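Student: Before I ask anything, here is the structure I am working with.
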Amino acid sequence: MKIELPAVVQTYVDSSNRHDVEAILLCFSAGAIVQDEAHEHRGSKEIQDWIATTIEKYKFQIKPLSVSNPDGETIVAMEVSGTFPGSPITLDYRFTITGDKISSLTIN
């Protein structure tokens with residue numbers, strides 16, 4: 001079954017699976033915030049560094065399993081596989097979308 005995602009989230013997933021740092025970064029607004037692994041990354045430079053480091057460290061692939069939209073947030077349960085203990089795992093990716101860009105992403 002195909003999961004219907006907002007366009008920018010689908011682009012984020014596709015770009016992430018290609019490990020295309022620049023294309024992933026283009027999904028985010030200039031002042032976006034990412035929270036992952038108990039760290040906060042603010043703005044384009046910090047988010048670009050987070051993307052590159054995460055790809056290098058985990059060589060991950062993500063697969064959307066389900067999507068919900070409570071309180072204006074888009075929550076996508078993702079199967080995440082890569083070079084980390086316990087792979088694959090399921091994580092919630094919580095997106096806030098403003099216009100056609102991701103303004104906030106929390107992964108937990």
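What follows draws every value from the coordinates through simple rules; no lab data is involved. Since we're looking at a predicted model, the values are computed, not measured. For neighbour counting, all protein chains shown are included, and Cβ atoms are generated from backbone atoms with ideal geometry for every residue, glycine included.
Student: Quick check: net charge around A52, other residues with Cβ under 14 Å of its Cβ, Lys/Arg +1 and Asp/Glu -1? Kindly include the intermediate steps, with their values, before the conclusion.
Tutor: Values: positive: R18, K45, K57, K59; negative: D20, E22, D36, E46, D49, E56.
Charge balance near A52 sits at -2.
Student: Right, another one. Using 7 Å Cα-to-Cβ label points, what is the E46/I107 separation (nm, one decimal)?
Tutor: So the label points at E46 and I107 sit 1.6 nm apart.
Student: Okay, next question. Please give me, ordered by residue number, the trypsin sites (Lys or Arg not before Pro) of the range 1-100 that lie in loop per DSSP and have at most 16 other Cβ atoms within 10 Å.
Tutor: Those that pass, being in a loop and sparsely packed, are K2, K59.
Student: So what's the gap between the Cα centers of the range 1-35 and the range 54-108, to the nearest angstrom?
Tutor: 9 Å
Student: Quick one: compute the contact order of the range 7-107, relative version, from alpha carbon pairs under 8 angstrom and 6+ residues apart, as a percent.
Tutor: The value is 26 percent.
Student: Within the range 1-97, report the GluC sites (Glu not before Pro) that DSSP leaves as loop and that have at most 11 other Cβ atoms within 10 Å. Before the final figure, lay out each step's value.
Tutor: Working: sites: E4, E22, E37, E40, E46, E56, E73, E79; in loops: E4, E37, E73.
Here the sparse-neighbourhood loop sites are E4, E37.
Student: Have a look at P70, T83, Q35 and report the one farthest towards the positive end of the charge dipole of the chain, computed about the Cα centre with Cβ charges (Lys/Arg +1, Asp/Glu -1).
Tutor: Projecting each Cα onto the dipole axis, the largest value belongs to T83.
Student: Sum up the charges of everything whose Cβ sits under 13 Å from the Cβ of S68, counting Lys and Arg as +1 and Asp and Glu as -1, but leave S68 out.
Tutor: Its environment carries a net charge of -3.
Student: Separate question: Could you derive backbone 3J(HN,Hα) for the range 87-95 from the dihedral phi with the Karplus parameters 6.51, -1.76 and 1.60 (θ = phi - 60°), listing whole Hz in sequence and x where the residue is Gly or Pro?
Tutor: Residue by residue, the range 87-95 yields 5, x, 10, 10, 10, 8, 9, 9, 9 Hz.
Student: Taking a cut-off of 25 Å between Cα atoms, list the lysines near K63, but don't count ones fewer than 8 places away on the same chain.
Tutor: Partners within reach: K2, K101.
Student: Taking square-rooted eigenvalues a ≥ b ≥ c of the alpha carbon gyration tensor, is the range 24-108 rounded, prolate or oblate, where a/c under 1.5 means rounded and, failing that, a/b exceeding b/c means prolate? Provide the component values of the computation, followed by the final result.
Tutor: Values: a/c = 2.04, a/b = 1.15, b/c = 1.77.
Cα axes put the range 24-108 in the oblate bin.
Student: Still on this structure: How big is the charge dipole of the chain about its Cα centre, in debye rounded to the nearest 20, if each Lys and Arg gets +1 on its Cβ and each Asp and Glu gets -1 on its Cβ?
Tutor: Result for the chain is approximately 160 debye, rounded to the nearest 20.
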